[in-house]
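Written out below as structure tokens is the structure these notes cover.
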Amino acid sequence: MSAEEERIKQMIDDILKNAKIEADKILKDANEQTKEILQRGQDAAEKEKNSILETELKKVTEIEKQQIASINLQARREILQKKEEEIKIAFDLAETELKNFPKKAAYAKVLEALIIEGGIALDGGVISIKTRKGDATKIKDLTSIAKAITKACGNKCTLKISKETIDAMGGVILQTEDETITIDNTFEARLEQKYRLIRTEVANTLFG
């Protein structure tokens, strides 16, 4: 082989060598870019997966919270219902006692106390008293009762028994002379008032 042929061969070998090096470099870069692209895809997929899992977990947690809240509310309602049943039983017993109370000697004093309380609430003046049929005779001294009201509220009080009677277990209904203000001090009204107050207290205790 001549020197010229040797030189050409060497040049070809160098070109092929450089081409291989360049090709290897291109292939390496391409592989690295491919890996990078795949990695980015995997990262994006992983992020998407984590995002979905987080969202679903939040949904499950929220459902659990709602279920727990619902169970707590139902339990509180059942407790309130039970309490109301117990309260009703107690008030039914009280109602039975009140129905029989007017037969007792102490009833006259209770009538007097209810009249004084209502008279003070009306701030004295001319007050008409409505009683059950037969109860008027149990109110012995209207003058003394009126004086007690006058002393308590500072305004002169005059009491009179109305000809109109009431249908009640016991107690009285007081009314101003112009009939614009009425105080219901019957046993039923007082019992109902107490029932509402106690029920409200129970509800506040259970539900805040």
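In order along segment 184-192, phi translates into HN-Hα couplings of 8, 10, 6, 4, 4, 5, 5, 5, 5 Hz, rounded to whole numbers, per the Karplus curve 6.51 cos²θ - 1.76 cosθ + 1.60 with θ = phi - 60° and x for Gly and Pro. Here Glu164 and Ile198 are evaluated by their C-beta separation; at R0 = 45 Å the FRET efficiency comes out at 0.90.
Taking packing as the residue-averaged number of other Cβ atoms within 10 angstrom, the listed peptides 166-177, 84-95, 144-155, 64-75 run from highest to lowest as 166-177, 144-155, 84-95, 64-75. Distances between placed amide hydrogens fall under 5 Å for Ser162 paired with Ile129, Lys130, Thr131, all partners being 5 or more residues away or on another chain.
For Glu95 and Ala69, a Förster radius of 45 Å and the Cβ-Cβ distance give a FRET efficiency of 0.75, rounded to the nearest 0.05. Can you give me the long-range amide H partners of Gly125? Hydrogens built in the peptide plane at 1.01 Å from N, cutoff under 5 Å, separation of 5 or more residues or another chain. The list, which skips near neighbours in sequence, is Lys156, Cys157, Thr158.
Distance between the pseudo-spin-label points of Glu188 and Cys153 (7 Å out from Cα toward the beta carbon): 2.5 nm.
Extension gain for Ser144 to Ala105 (0.36 nm times residue separation, less C-alpha to C-alpha distance): 12.1 nm.
Among the listed pairs Lys103/Lys163; Lys82/Lys109; Lys83/Lys138; Lys35/Lys59; Lys88/Lys133, those whose Cα-Cα separation exceeds 27 Å are Lys82/Lys109; Lys83/Lys138; Lys35/Lys59; Lys88/Lys133.
Computed from the coordinates by the stated procedures, all read-outs in this text should not be read as laboratory data. If you're wondering where the values come from, they're calculated on a predicted model, not measured in any experiment. Ideal geometry is used to build each Cβ from the backbone, glycine not excepted, and the neighbour counts take in all protein chains shown.
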